[in-house]
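Chemist: Supplied in C-alpha cells, the structure appears directly below.
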Amino acid sequence: MRLSLYRRHFIAAAVLAAVAGLSTAAGAATATRAPQAGKARSILVVGDSLSAEYGLKRGTGWVALLEKKLKAEKLPATVVNASISGDTTSGGRSRLAGLLAQHRPSHVIIELGANDALRGLPLQLTEDNLTQMTQAAQKAGAKVLLVGMQVPPNYGKDYAARFADLFADVARTNKAALVPFLLKGIADAPDSTRLFQPDRIHPKEEAHPVMLANVWPELKKLLK
C-alpha cells in the first residue's frame, strides 16, 4: 500500500532523524559466537543508529537478532556490531581499515548513507565512500552486503531516486550483495507509526525482526 505524500514525508523524515543519531552515545562493538560446527565466519556490521540499538534494550536490535538467527540455522559465525549512532559514510570509511585489521571478517554489512543525505552531502561523495568501503572489504577477503535507505519526498523525486539508485550502482559495479531498503515493511507499512518508539523517530523493538527479515535472505546467500 502506498503512503500519502504527507505520511511518506513524515515517516521518511523520522527515519532520517533516527539515523542522524539524536543521542551522542555510540553503539559499542559487541561480539557473540555461534556454534562452531564447521568453518567459522566473522560478520562485521558497520552502520548507524538503526544498527546500534538506539532506544532499545541491549540484545533486541536486528544485529543481536541476527546472532540468534545464525545459531538457529546452525551457521557458525561471529557477529561484530561496530555501528555508531549518527555515523556517515565518511565516518565509516575512516574507521573501516582498523576494523578490518582487528576483526578480519569474512563478511561485511555496510548500513550507512542516510546521514549523508540528511546533512546535504553530495551524492557523489556518498557513492565514492561506499565504493571505497566495499572495495577495501573485498580486498581484505570479505564478502560485502550493502544495506540501502531512502529519503523523504521533499528532497525531490529526482534526488530521492538517485539516492536510492546509488546503493544499487555500487553493489552492481563491485559485485556486492544488496538490500535495497532496510525499513521496508516498517516505514511503508499501513499503520507505520505503531512500529516507531514514542518519539516517532526510532523503530520499536518489534520492528527489528522485520529489519532482520529484510537483511537475512541476502546475507544467507553469501554465507552459503
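Chemist: Can you list the equivalent-ellipsoid semi-axes of region 38-110, largest first and in whole Å, using the square root of 5 times each Cα gyration tensor eigenvalue?
Modeler: Gyration-tensor ellipsoid for region 38-110: 21, 17, 7 Å.
Chemist: Which of the peptides 180-190, 117-127 is most tightly packed, and how do the rest follow, going by the mean number of other Cβ atoms within 10 Å of each residue?
Modeler: The packing order, highest mean first, is 180-190, 117-127.
Chemist: Follow-up. What translational diffusion coefficient, to the nearest whole µm²/s, does region 66-224 have by Stokes-Einstein, given a Kirkwood radius computed over alpha-carbon pairs, a temperature of 20 °C and 1.002 mPa s viscosity?
Modeler: 130
Chemist: Suppose each label sits 7 Å from its Cα in the direction of the beta carbon; what would the ARG119-ARG58 distance come out to in nanometres?
Modeler: With each label point 7 Å from Cα toward Cβ, the separation is 2.8 nm.
Chemist: Would you pull out the residues with amide H under 5 Å of SER42's amide H, same chain only if 5 or more places away, H placed 1.01 Å from N?
Modeler: THR78, SER106, HIS107
Chemist: Let's test the formula: R0 of 41 Å, r as the Cβ-Cβ distance of ASP158 and LYS74. What FRET efficiency results, to the nearest 0.05?
Modeler: Details: r = 46 Å, r/R0 = 1.12.
Efficiency, rounded to the nearest 0.05: 0.35.
Chemist: When averaged across all projection directions, what area in nm² does the alpha-carbon convex hull of region 88-160 cover?
Modeler: Orientation-averaged projected area of the Cα hull: 4.6 nm².
Chemist: Continuing with the same structure: Considering region 138-224, what Rg and Dmax in Å follow from its alpha-carbon atoms?
Modeler: Reported Rg and Dmax, both Å: 14.8, 43.
Chemist: Another question about this same structure. Evaluate the distance, in nm, between pseudo-label points positioned 7 Å from the Cα of ARG194 and of GLN132 along their respective Cα→Cβ axes.
Modeler: Between ARG194 and GLN132, the simple spin-label model gives 4.5 nm.
Chemist: Oh, and also: With a point put 7 Å past each Cα toward its Cβ, work out how far ALA168 is from ARG95 in nm, to one decimal.
Modeler: 2.9
Readers should treat all values here as calculations from the given coordinates under stated rules, not as data from a laboratory. The structure displayed is predicted, hence computed values, not measured ones. Glycine gets a Cβ as well: all are built from the backbone with ideal geometry, and neighbour counts include every protein chain shown.
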